Amino acid sequence: MKKIEAVIKPFKLDDVKEALVSIGVHGMTITEVRGFGRQKGHTEVYRGAEYTVDFLPKVKIEMVVPEDLASKVAETICNAAKTGKIGDGKIFILPVEEVMRIRTGETGKDAL
Amino acid sequence: MISGADTAWLLVASALVMLMTPGLAFFYGGMVRSKNVLNTLFLSFIALAVITLEWVVIGYSMAFGRDIGGFIGGLNHLFLHGVGLTPSPNYASTVPVLVFMIFQMMFAIITPALISGALVERMKFSAYVWFILLWAILVYNPVCHWVWAKGGWLGKLGALDFAGGTVVHINAGISALIVALVLGKRKGYPSANFVPHNLTLTAIGAGLLWFGWFGFNAGSALGANQTAALAFVTTHIAAAAASFSWLMAEWIHVGKPSTLGAVSGLVAGLVAITPAAGFVSPIGAIFIGLGAGVICYISVLLKGKFGYDDSLDAFGVHGVGGIWGAIATGIFACHNATGLLSGNVHQFIVQVIAVAVSIVYAGFMTFVILKVIQAIIGLRVEAEEEVTGLDLTSHGETGYKLV
């Protein structure tokens with residue numbers, strides 16, 4: 001099993017979710033996060049005073065999928081979240097040791 | 001002789017002015033960081049509690065009691081002694097004097113609350129409560145007497161202040177500047193991020209202020225009459241004009257019109273029209289409003305150059321807007337009074353004198369009051385409390401929770 005973590009532009013969330021559902025991903029968790037990479041921040045002006053906002057709003061999507069689906073999921077997210085402009089985000093793929101469904105106590109692939 | 005219409009209007013106007021203090025709380029509350037939102041709201045709400053009691057016990061009497069030498073009211077109305085259901089011969093003689101008393105009370109409440117904009121996110125709560133109490137007694141009550149009481153020396157001199165440009169806004173604005181200077185900057189100012197945490201709250205507050213201001217200004221006619229009608233109209237026009245001119249100035253200067261700019265501008269316009277509302281024409285109100293938006297925008301920009309931390313621009317908007325309004329009253333007055341444009345140079349000079357007197361008096365007294373409180377209990381919270389936020393450290397609460 002693999003965990004996929006993707007940090008994307010917030011307005012791309014719906015596109016990404018629909019693309020993932022269409023390839024058979026049944027669940028995911030999202031968080032509103034803030035961060036920066038090469039895009040850096042932006043400036044905001046309040047009553048003429050300029051503030052640099054370093055951390056921009058992003059959405060982080062997390063899901064755990066069977067080993068064989070991982071690269072397809074990553075590819076799907078990549079296609080759906082791409083705008084071609086700086087700040088599109090990143091995808092991380094991590095190994096997962098074990099999964100347990102709380103309701104039934106099932107483990108492993110059955111719990112996904 | 002009691003008039004039902006006048007009594008009804010002044011009761012409604014009192015309620016409208018009361019609503020301005022919560023409005024101010026929201027206006028300010030949205031501009032601070034989320035860790036200080038409750039403390040900032042509280043600084044306005046506590047004025048409703050403390051100044052109401054102060055006004056009943058001694059404030060009304062100091063302001064509107066029997067005149068002593070033009071400088072202060074006597075103690076003949078202590079604990080509202082003699083303030084009942086019959087009209088006063090001296091003030092608003094068509095309503096029960098209790099109605100006049102509570103209408104004036106609402107002004108006494110919001111004035112110190114205005115100052116809180118300069119001291120948010122760092123002042124010790126107990127020091128603030130002492131400050132507004134002493135400030136009400138030593139600054140507000142005397143200046144209110146000078147300008148509005150029968151026998152008050154600035155009123156006798158001929159100073160025009162329809163609804164409180166001098167008594168409320170210059171007084172509060174200058175004091176705000178002194179508080180900002182004595183208290184010092186917030187930790188990290190100006191390099192850290194002091195971005196407003198919730199401008200929707202600020203916009204709601206500005207809307208409530210605009211609504212309440214009809215009571216503030218049109219109520220100051222002290223009756224349901226022609227002057228009230230004029231003040232109502234000029235108030236609205238000036239707010240609109242100033243909102244427009246502030247956002248245009250900002251649009252030209254930084255390239256984008258902002259919501260905060262539009263709502264700051266409307267407040268600046270309301271401040272500036274306050275002394276003038278019942279004395280100027282609707283066209284005069286346009287000029288006063290347009291001027292207020294641009295002048296106050298420039299004054300908040302200058303804060304950055306001077307480096308003092310008037311955190312929410314209580315001086316930049318109320319002090320500067322109040323001074324502009326008081327002087328503009330001496331220029332545009334044409335109803336029940338005349339100004340510079342009607343050839344009355346004397347009126348203009350009297351306005352300048354009244355402005356100068358209140359600046360010097362309020363500034364000096366505020367400094368003294370702060371130094372006394374500083375020596376006895378201190379003014380600022382500990383550095384660690386300031387970083388953690390005043391909501392949690394001063395009140396044991398947080399404004400926003402996940403669950």
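The values are calculated or read from the model by the stated rules, or taken from the named source; none is laboratory data. Just so we're clear, the structure is a prediction, and the values are computed from it rather than from any experiment. Neighbour counts run over all protein chains shown; Cβ positions are idealised from the backbone, glycine included.
Check whether at least one residue in the stretch B:39-54 is at pLDDT 95 or above, crowded, with 18+ Cβ neighbours inside 10 Å and within 22 Å of residue B:154 (Cα to Cα), and report yes or no.
No, the stretch B:39-54 contains no residue that is at pLDDT 95 or above, crowded, with 18+ Cβ neighbours inside 10 Å and within 22 Å of residue B:154 (Cα to Cα).
Determine whether the stretch B:167-174 contains at least one residue that is more than 26 Å from residue B:218 (Cα to Cα) and either within 14 Å of chain A (Cβ to nearest Cβ) or in contact (Cβ under 8 Å) with a residue 24 or more places away in the chain (or both).
No, every residue in the stretch B:167-174 fails to be more than 26 Å from residue B:218 (Cα to Cα) and either within 14 Å of chain A (Cβ to nearest Cβ) or in contact (Cβ under 8 Å) with a residue 24 or more places away in the chain (or both).
Restricting attention to the stretch A:104-112, does a residue exist that is closer than 29 Å to residue B:199 by Cα, surrounded by fewer than 11 Cβ atoms within 10 Å (Cβ to Cβ) and modelled with pLDDT under 95?
Within the stretch A:104-112 (the criterion being closer than 29 Å to residue B:199 by Cα, surrounded by fewer than 11 Cβ atoms within 10 Å (Cβ to Cβ) and modelled with pLDDT under 95), the answer is no, since none of the residues qualifies.
Take the residues in the stretch B:342-360 that are more than 23 Å from the chain's Cα centre (by Cα) and touching a residue at least 40 places away in the same chain (Cβ under 8 Å); name whichever of them is farthest from residue B:177 (Cα to Cα).
Initial filter on the stretch B:342-360 (more than 23 Å from the chain's Cα centre (by Cα)): B:342-347, B:349.
After this cut, where a residue has to be touching a residue at least 40 places away in the same chain (Cβ under 8 Å) as well, the list is B:346-347.
Details: B:346: 29, B:347: 27 Å.
Result: B:346.
Can you tell me which residue among B:359, B:288 is away from chain A (no Cβ under 13 Å), crowded, with 24+ Cβ neighbours inside 10 Å and either in a helix (DSSP H, G or I) or in contact with a strand residue (DSSP E or B) (Cβ under 9 Å, 6 or more places away or on another chain) (or both)? Break it down stepwise before answering.
Values: B:359 fails: crowded, with 24+ Cβ neighbours inside 10 Å.
Sole residue among the options that is away from chain A (no Cβ under 13 Å), crowded, with 24+ Cβ neighbours inside 10 Å and either in a helix (DSSP H, G or I) or in contact with a strand residue (DSSP E or B) (Cβ under 9 Å, 6 or more places away or on another chain) (or both): B:288.
Kindly evaluate residue A:75 against the criterion of being within 14 Å of chain B (Cβ to nearest Cβ), of a type in the set (Asp, Glu) and either part of a strand (DSSP E or B) or out of contact with any Lys or Arg (no Cβ under 8 Å at 6 or more places or on another chain) (or both). Give the derivation first.
Numbers: within 14 Å of chain B (Cβ to nearest Cβ): no; of a type in the set (Asp, Glu): yes; either part of a strand (DSSP E or B) or out of contact with any Lys or Arg (no Cβ under 8 Å at 6 or more places or on another chain) (or both): yes.
Considered against the rule, which asks whether it is within 14 Å of chain B (Cβ to nearest Cβ), of a type in the set (Asp, Glu) and either part of a strand (DSSP E or B) or out of contact with any Lys or Arg (no Cβ under 8 Å at 6 or more places or on another chain) (or both), residue A:75 comes out as no.
Name, by its number, the condition in (1) assigned to a helix (DSSP H, G or I); (2) more than 14 Å from chain A (Cβ to nearest Cβ); (3) under 19 Å from the mean Cα position of the chain (by Cα) that does not hold for residue B:275.
Against the list (1) assigned to a helix (DSSP H, G or I); (2) more than 14 Å from chain A (Cβ to nearest Cβ); (3) under 19 Å from the mean Cα position of the chain (by Cα), residue B:275 comes up short only on (1).
Taking helices (runs of 4 or more DSSP H) that fall entirely within the stretch B:1-80, which contain at least 3 residues that are touching a residue at least 60 places away in the same chain (Cβ under 8 Å) and in contact with a strand residue (DSSP E or B) (Cβ under 6 Å, 6 or more places away or on another chain)?
On the way: elements: B:4-29, B:37-54, B:60-64.
Of the helices (runs of 4 or more DSSP H) lying wholly inside the stretch B:1-80, those with at least 3 residues that are touching a residue at least 60 places away in the same chain (Cβ under 8 Å) and in contact with a strand residue (DSSP E or B) (Cβ under 6 Å, 6 or more places away or on another chain) span B:60-64.
Just wondering, is there one or more residues in the stretch A:20-43 that are within 14 Å of chain B (Cβ to nearest Cβ) and without any contact (Cβ under 8 Å) to a residue 12 or more places away in the chain?
Looking through the stretch A:20-43, at least one residue is within 14 Å of chain B (Cβ to nearest Cβ) and without any contact (Cβ under 8 Å) to a residue 12 or more places away in the chain.
So that you can scan it fast, the table gives a plain yes or no per residue for (1) within 11 Å of chain A (Cβ to nearest Cβ); (2) farther than 18 Å from residue B:355 by Cα; (3) surrounded by fewer than 21 Cβ atoms within 10 Å (Cβ to Cβ); (4) in contact with a His (Cβ under 6 Å, 6 or more places away or on another chain):
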{"residue": "B:238", "(1), (2), (3), (4)": "no, yes, no, no"}
{"residue": "B:243", "(1), (2), (3), (4)": "no, yes, no, no"}
{"residue": "B:279", "(1), (2), (3), (4)": "no, no, no, yes"}
{"residue": "B:293", "(1), (2), (3), (4)": "no, yes, no, no"}
{"residue": "B:320", "(1), (2), (3), (4)": "no, no, no, no"}
{"residue": "B:332", "(1), (2), (3), (4)": "no, no, no, no"}
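In this structure, does residue B:312 turn out to be touching a Ser or Thr at 6+ places or on another chain (Cβ under 9 Å) and surrounded by fewer than 24 Cβ atoms within 10 Å (Cβ to Cβ)?
Working: touching a Ser or Thr at 6+ places or on another chain (Cβ under 9 Å): yes; surrounded by fewer than 24 Cβ atoms within 10 Å (Cβ to Cβ): no.
Against the criterion (touching a Ser or Thr at 6+ places or on another chain (Cβ under 9 Å) and surrounded by fewer than 24 Cβ atoms within 10 Å (Cβ to Cβ)), residue B:312 does not qualify.
Please note which helices (runs of 4 or more DSSP H) are completely contained in the stretch B:93-169 and include at least 2 residues that are buried (at least 21 other Cβ atoms within 10 Å of the Cβ). Before the answer, list the steps.
Values: elements: B:97-115, B:125-135, B:141-148, B:153-157.
Filter on the stretch B:93-169 gives B:97-115, B:125-135, B:141-148.
For the stretch A:9-17, state whether one or more residues are part of a helix (DSSP H, G or I) and β-branched (Val, Ile, Thr).
Within the stretch A:9-17, one or more residues are part of a helix (DSSP H, G or I) and β-branched (Val, Ile, Thr).
Can you tell me which condition residue B:198 does not meet? The list is (1) within 14 Å of chain A (Cβ to nearest Cβ); (2) surrounded by 18 or more Cβ atoms within 10 Å (Cβ to Cβ); (3) over 23 Å from residue B:26 (Cα atoms), and all the others hold.
(3)
What are the residues in the stretch B:277-305 that are in contact with a Phe, Trp or Tyr (Cβ under 8 Å, 6 or more places away or on another chain) and in contact (Cβ under 8 Å) with a residue 60 or more places away in the chain, if any?
Matches in the stretch B:277-305: B:277, B:278, B:279.
When only residues in the stretch B:297-312 that are modelled with pLDDT of 90 or more, part of a loop (DSSP other than H, G, I, E, B) and farther than 19 Å from residue B:199 by Cβ count, which is farthest from the other protein chains (Cβ to nearest Cβ)?
Only one residue tops the list, namely B:308.
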